[in-house]
Each structure stands twice: as structure tokens, then as C-alpha cells.
Amino acid sequence: MALTDSLDELIQTSHIDPQLAMKVLLQFDKSITEALETKVRTKATFKAGHLHTYRFCDEVWTFIIKNPNFKLENEQVHVDKIKIVACNAKKPGETEPTKN
């Protein structure tokens with residue numbers, strides 16, 4: 001969110017154009033995805049407290065869960081709420097396999 005806010009401010013002050021901001025966000029997403037795939041080894045599980053909201057729009061699921069508990073390797077963490085956004089893992093230009 002901090003990156004998006006900073007990019008929005010740069011666009012508003014005419015320091016960058018919206019197309020450059022989109023390129024920056026795309027590169028950020030690619031870099032974070034690569035880092036999560038290659039460098040993060042810790043696993044976490046969570047037990048949902050209460051599913052407050054869910055929606056499916058434009059092939060994207062959004063869940064808001066209140067009072068979840070996370071179990072990490074050596075600790076448990078309780079938070080007030082989390083937002084989970086999930087989308088298709090298909091890469092741009094990749095087609096879905098045909099079903100027989």
C-alpha cells in the first residue's frame with residue numbers, strides 16, 4: 001500500500017506518468033513473487049475465526065476474516081482481521097488445459 005500511495009502522489013505531482021507507475025507495480029509483483037518462491041521457507045497455517053465478507057469479481061476472490069489465529073514454526077499470532085485476495089495463477093498469455 002505504501003508503494004501505491006507513493007506512486008499516486010508522484011502521479012498527482014506530475015513527476016511520473018500513470019504508465020510508469022503501472023510498470024513499477026508490475027515489476028514489484030514479479031519481484032515479490034520470485035522472492036516468495038525462492039527465499040521464504042517458513043510455513044504458516046491459520047485457523048479462521050469468522051468469515052466476515054467474501055466476494056468473487058473479475059476472476060478474483062476476496063475474503064475478510066475476523067479473529068484468525070496464525071501458527072508459525074515457533075509461535076502463534078492472533079490478529080483482529082485479515083484480508084486475503086486470491087486470483088488465478090495463470091501467467092499472461094497462458095491458456096488453460098483442455099478438459100476431456
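Can you give the extra length, in nm with one decimal, that the chain gains between Leu72 and Thr53 once fully stretched, where that is 0.36 nm per residue apart less the Cα-Cα distance?
Details: separation 19, 0.36 × 19 = 6.84 nm, distance 2.47 nm.
Extra length from Leu72 to Thr53 when fully extended: 4.4 nm.
Angle, helix 18-38 long axis vs. longest principal axis of the chain, Cα atoms, 0 to 90°, nearest 10?
40
Taking a probe of 1.4 Å, how large is the accessible area per residue of the chain, in Å²?
Computed with neighbouring chains in place, this is 91 Å² per residue.
If you bin the C-alpha pair distances of the chain every 10 Å from 0, what whole percents do you get?
Using 10 Å bins, I get a P(r) of 12, 25, 37, 22, 4, 0 for the chain.
Report the residues of segment 64-89 in range of a label on Arg41: point 7 Å along Cα→C-beta, backbone N strictly under 15 Å from it.
73-74
Taking springs between alpha-carbon atoms closer than 10 angstrom, which of Lys66, Lys23, Lys43 fluctuates most in the Gaussian network model of the chain?
Lys23
Relative to the first principal axis of the alpha-carbon coordinates of the chain, what is the inclination of helix 2-12, with its axis defined by its Cα atoms, in degrees from 0 to 90 and to the nearest 10?
On a 0 to 90 degree scale, this one is about 20.
Could you tell me which of Gln12, Ile64, Ser31 has its Cα farthest along the dipole of segment 1-87 towards the positive end, charges placed at Cβ (Lys, Arg +1; Asp, Glu -1), taken about the Cα centre?
So the residue furthest toward the plus end is Ile64.
How big is the antiparallel share of DSSP beta bridges in the chain, given as a percent to the nearest 5?
Numbers: 20 of 20 bridges.
So the antiparallel bridges in the chain amount to around 100 percent.
Which of Phe70, Phe46, Phe28 moves most in a GNM of the chain, Cα contacts under 10 Å?
Phe28
Specify the residue with the greatest mean-square fluctuation among Ile82, Ile32, Ile65, computed from a Gaussian network of the chain linking alpha-carbon atoms under 10 Å apart.
Among Ile82, Ile32, Ile65, the largest GNM mean-square fluctuation belongs to Ile32.
The values are calculated or read from the model by the stated rules, or taken from the named source; none is laboratory data. Just so it is clear, the structure is predicted and the values come from calculations on it, not from any experiment. For neighbour counting, all protein chains shown are included, and Cβ atoms are generated from backbone atoms with ideal geometry for every residue, glycine included. Please note that ligands, DNA and RNA were not included when accessible areas were found on the heavy atoms of the full protein model with its side chains. Shrake-Rupley method; radii C 1.70, N 1.55, O 1.52, S 1.80 Å.
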